[in-house]
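Here's the structure we're looking at; comments come further down.
Computed from the coordinates by the stated procedures, all read-outs in this text should not be read as laboratory data. These numbers were taken from a predicted model, which means no experiment stands behind them. Note: ideal-geometry Cβ built from the backbone for every residue, glycine included; neighbour counts use all protein chains shown.
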Amino acid sequence: MKKLGSLLFALAAIALMLGIASGTAQAQGDASRYFVTYFSNNISAAPDGTVRVINDGDTGKSLWASFYVFDDSEELTECCSCEVTPDGLLSESVKWQLTAAPLTGLKPTRGVIKLISSSTYAGPPSFTNTPAPGLRAWATHIQSVGNKYPYGPAPYSTTETTFADSNLNAAEQTLLQNLCLYDSLLSGKQCSCTPEDYDF
């Protein structure tokens, strides 16, 4: 009987710990609102890179993926704000959408993509984001086996990673919004958004 009592006590203790652990995991969540990644080998001979964004549906409302694309000289080349409905999937081509109409007219071969998860559209006329958690993003990266400067020759391989969580302070948010406004005023165009749930 003592052994049975000890066994029941141990099982109850394990059940209690599992309940606490699962409650803690549920309560933590991820409230990220700002993400970064890179693109490389963005040349005609190489495959296209792809960015995919989902809305996790937690808010039950549409969110906007505000993209800011920089070349390797740290200059903003394009920006746009694309809607992602709850549980929706947005797919963007690096070659044909995010770098297709750069301000300078020179398509960057490599650079940085920043993304703000926003509850409001951050396009004309105000370009203002309202950062809100709920978007998750992945990007494919085109890697050259040769890996030579200024970009690698064929053959190429493709890897995929999540966008890295980053810290969004007020100064960074204001800078990105202002750069996007100036880009729009100077070029009169923004990167384009794929219709949701269209993939390639």
Exercise. What full-extension length gain, to one decimal in nm, is calculated for Ser157 and Trp96 as 0.36 nm per residue of separation minus the Cα-Cα distance?
Worked result: 20.0 nm
For this session: Lys and Arg at +1, Asp and Glu at -1: add these up for the other residues within a Cβ distance under 12 Å of Thr194 and post the number.
Result: -4
Seminar exercise, completed: Given the candidates Pro108, Leu181, Ser81, the one whose Cα lies deepest towards the positive end of the charge dipole of the range 32-187, counting +1 at each Lys or Arg C-beta and -1 at each Asp or Glu C-beta, is Pro108
For this session: Excluding Pro86 itself, calculate the net charge of residues whose Cβ lies under 12 Å from the Cβ of Pro86, where each Lys or Arg counts +1 and each Asp or Glu counts -1.
Result: -4
Problem set entry | Point-charge dipole on Cβ atoms (K/R +1, D/E -1) for the range 32-187, about Cα centre, debye to 20 | 180 debye
For this session: With label points built 7 Å along Cα→Cβ from the Cα atoms of Thr59 and Asp87, find their separation and express it in nm.
Result: 1.9 nm
Exercise. Under unit Cβ charges (Lys, Arg +1; Asp, Glu -1), what dipole magnitude, rounded to 20 debye, does the range 44-98 have relative to its Cα centre?
Worked result: 240 debye
Exercise. Binned at 10 Å from 0, what are the whole-percent values of the Cα-Cα distance distribution for the range 32-187, short to long?
Worked result: 12, 41, 34, 12, 1
For this session: Report the label-to-label distance for Glu74 and Ala171 in nanometres (one decimal), using points 7 Å from each Cα along the Cα→Cβ vector.
Result: 1.3 nm
Seminar exercise, completed: Inter-part gap, Cα centre of the range 30-104 to Cα centre of the range 149-197, in whole angstrom, is 6 Å
For this session: Could you go through the range 72-84 in sequence order and give the Karplus-derived ³J(HN,Hα) for each residue, using 6.51 cos²θ - 1.76 cosθ + 1.60 with θ = phi - 60°, rounded to whole Hz, and x for Gly and Pro?
Result: 6, 9, 6, 9, 5, 10, 7, 7, 6, 10, 10, 6, 10
